[in-house]
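Below you'll find the structure, written out as structure tokens, and then a few comments.
The values are calculated or read from the model by the stated rules, or taken from the named source; none is laboratory data. Owing to the predicted nature of the structure, the values given are computational and were not obtained by experimental measurement. Reconstructed Cβ throughout: ideal geometry from the backbone, glycine too, with neighbour counts over all protein chains shown. In case anyone asks, the SASA skips ligands and DNA or RNA and just uses the protein heavy atoms, side chains included. Shrake-Rupley method; radii C 1.70, N 1.55, O 1.52, S 1.80 Å.
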Amino acid sequence: MSLYLEIPELNKQFPYRMLCNDGMVIVYPHWHKEVEIIYANRGKVNIGLNQQIIELQEGEIIYFASGEPHYFLASPDSERYVYQFDLKLFDEVFLRTNEKPLASLLGKGEHLSRFWPPELQATVIDLLLELHRLEFTHPAGENYLVLSCLYQLIGQWYEKLPQKETSDNSRTLPALQRKESLERLDKIFEYIESNYQEEITIEKVADYIGFSPYYFTRFFKKNTGQTFMQFLTEYRLNQAKFILANEKLPMAEVAEKAGFSSVKTFHHVFKEAVGQSPLQYQKRLVNQSIL
């Protein structure tokens, strides 16, 4: 299974799960079609999302909409609760009246609870803690109680979640609902995971999955919203960020491990994408961890 595309092992009949992760459990860059909510139960949790590192404070919440790449850095002395669920738990044809689609609500919503109204954050925390209790007590009617919490959560978001002018969720993948497309994408990302440190061309990947270069290019752009080379560069940048955050290596070695052809190319691409050099980025992470 690809480290970048994750398919959570959810019950097909009831696609929801709750996990407790220690802060030393690091998670490589990945995405999935399921919605994910993180609650910092203890300490500070360092999370990579889009082009920034977010330090989730104790008692704060963040969620990732479908298809958003994210990762977790080492966060000593912390504990996080992780909730994952598929949107098919909610029958929108039956439930939704004049509201915007749930995927749109989450994609355009403010992901980080420190920017929510205080009453929304307090209510969501109560619901998440109740879900945590259910996970470990397994009362009669557990699934009904879980659904009750999730429905209340979604209702609260519809009523009070701040919406942004434009969506940060540029990685929402419209065709992930189709199993065949998901399986093909998984195969592509497995190839990237195994070969990103080597030279990768569109022709090589297209041949690997049995597509013509032309059809592969169209398929990939349709299902990810990016060209293949944009995606590959972003993947390598995420690997570089992860290395910079967790290892002390010469920049030439970071570039090589992340799959860049030279340290010069790595420096140029990184600075253009992130707005600072790899060394500056690493120093900023060190300073954040000290504070």
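Per residue, the chain exposes an accessible area of 50 Å² to a 1.4 Å probe, with every protein chain left in place. Counting only alpha carbon atoms, the long axis of helix 118-137 and the longest principal axis of the chain meet at about 90°.
Tilt of helix 142-160 relative to the longest C-alpha principal axis of the chain, in degrees (0 to 90, nearest 10)? Around 80 degrees separate the two axes. Radius of gyration over Kirkwood radius for the stretch 219-274, both on Cα atoms: the Rg/Rh ratio is 1.03.
Taken about its Cα centre, the chain carries a charge dipole of roughly 680 debye when the Cβ of each Lys and Arg holds +1 and the Cβ of each Asp and Glu holds -1.
Rounded to the nearest 10 degrees, the inclination of helix 179-195 to the longest alpha-carbon principal axis of the chain is 40 degrees.
Taking the 1.4 Å solvent-accessible surface of the chain as the whole, the part contributed by carbon and sulfur is 52%.
Size descriptor for the chain, Kirkwood hydrodynamic radius: 20.3 Å (Cα pairs only, one decimal).
Percent of Cα pairs in the stretch 96-145 per distance bin of 10 Å, from zero to the largest separation: 21, 31, 38, 10. Sorted on the mean count of surrounding Cβ atoms within 10 Å across their residues, most packed first, peptides 77-85, 187-195 read 77-85, 187-195.
Solvent-accessible area of Asp207, all protein chains in place: 120 Å² (probe radius 1.4 Å, heavy atoms, ligands and nucleic acids excluded). With the largest listed first and rounded to whole Å, the semi-axes of the equivalent ellipsoid of the stretch 196-291 from the Cα gyration tensor are 30, 14, 10.
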